[in-house]
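Trainee: After the structure tokens below, expect a handful of questions from me.
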Amino acid sequence: VERGRAWLACSTPRATIEHAAVAWTLAAPRGAREREARDGSVAALLARAASSGAFAPWERGAAEIFDTALALIALEAQPGSPELD
């Protein structure tokens with residue numbers, strides 16, 4: 001588990017599914033690197049949200065149900081913040 005968390009903290013997510021995996025897994029960060037990775041992925045997810053609240057698989061593109069579900073699960077797991085409320 002620790003090796004997996006370390007790998008995610010050092011990864012370079014690009015797709016919505018990757019950002020969701022990082023944000024969800026590192027929702028309770030155990031250090032500065034994990035917190036930085038989590039915060040970056042949460043910010044990327046929030047930036048990708050369409051006005052309808054849906055998410056596309058990539059930064060640009062049509063929203064899809066699967067990616068929207070993953071993004072919402074990952075964002076729901078985050079500690080409360082004004083941006084997520």
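The values are calculated or read from the model by the stated rules, or taken from the named source; none is laboratory data. What you see is a predicted model, and the numbers here were worked out from it, not measured in a lab. Cβ sites come from the backbone with ideal geometry, for glycine too, and all protein chains shown count toward neighbours. With ligands, DNA and RNA removed, areas are computed over all heavy atoms of the protein, side chains included. Shrake-Rupley method; radii C 1.70, N 1.55, O 1.52, S 1.80 Å.
Trainee: Quick test for you: out of Ala62, Ala54, pick the one residue that is surrounded by 14 or more Cβ atoms within 10 Å (Cβ to Cβ), over 12 Å from the mean Cα position of the chain (by Cα) and of a type in the set (A, V, I, L, M).
Mentor: That would be Ala54, the only listed residue that is surrounded by 14 or more Cβ atoms within 10 Å (Cβ to Cβ), over 12 Å from the mean Cα position of the chain (by Cα) and of a type in the set (A, V, I, L, M).
Trainee: Could you tell me whether Ala37 is surrounded by fewer than 17 Cβ atoms within 10 Å (Cβ to Cβ) and at pLDDT 95 or above?
Mentor: So Ala37 does not fit the description; no.
Trainee: Take the residues in region 17-27 that are open to solvent by less than 70 Å² (accessible area, probe 1.4 Å) and either of a type outside the set (A, V, I, L, M) or at pLDDT below 95 (or both); name whichever of them is farthest from Val1 (Cα to Cα).
Mentor: Filtering region 17-27 for residues that are open to solvent by less than 70 Å² (accessible area, probe 1.4 Å) and either of a type outside the set (A, V, I, L, M) or at pLDDT below 95 (or both), the one farthest from Val1 (Cα to Cα) comes out as His19.
Trainee: Considering only residues of region 65-85 that are among the hydrophobic types (A, V, I, L, M, F, W, C) and more than 11 Å from the chain's Cα centre (by Cα), which is surrounded by the fewest Cβ atoms within 10 Å (Cβ to Cβ)?
Mentor: Looking at the filtered set, the residue picked out is Ile65.
Trainee: Give all pairs with beta carbons closer than 7 Å in which a residue from region 48-70 that is closer than 14 Å to Ala20 by Cα meets a residue that is among the small types (Gly, Ala, Ser) and open to solvent by 30 Å² or more (accessible area, probe 1.4 Å); count only pairs at least 6 apart in sequence or on separate chains.
Mentor: Within 7 Å, the pairs are Ala54/Ala63; Phe55/Ala49; Phe55/Ala63; Ala56/Ala62; Ala56/Ala63.
Trainee: Same structure, new question: Can you tell me which residue among Arg5, Arg30 is open to solvent by 60 Å² or more (accessible area, probe 1.4 Å) and touching a residue at least 24 places away in the same chain (Cβ under 8 Å)?
Mentor: Answer to the check: Arg30.
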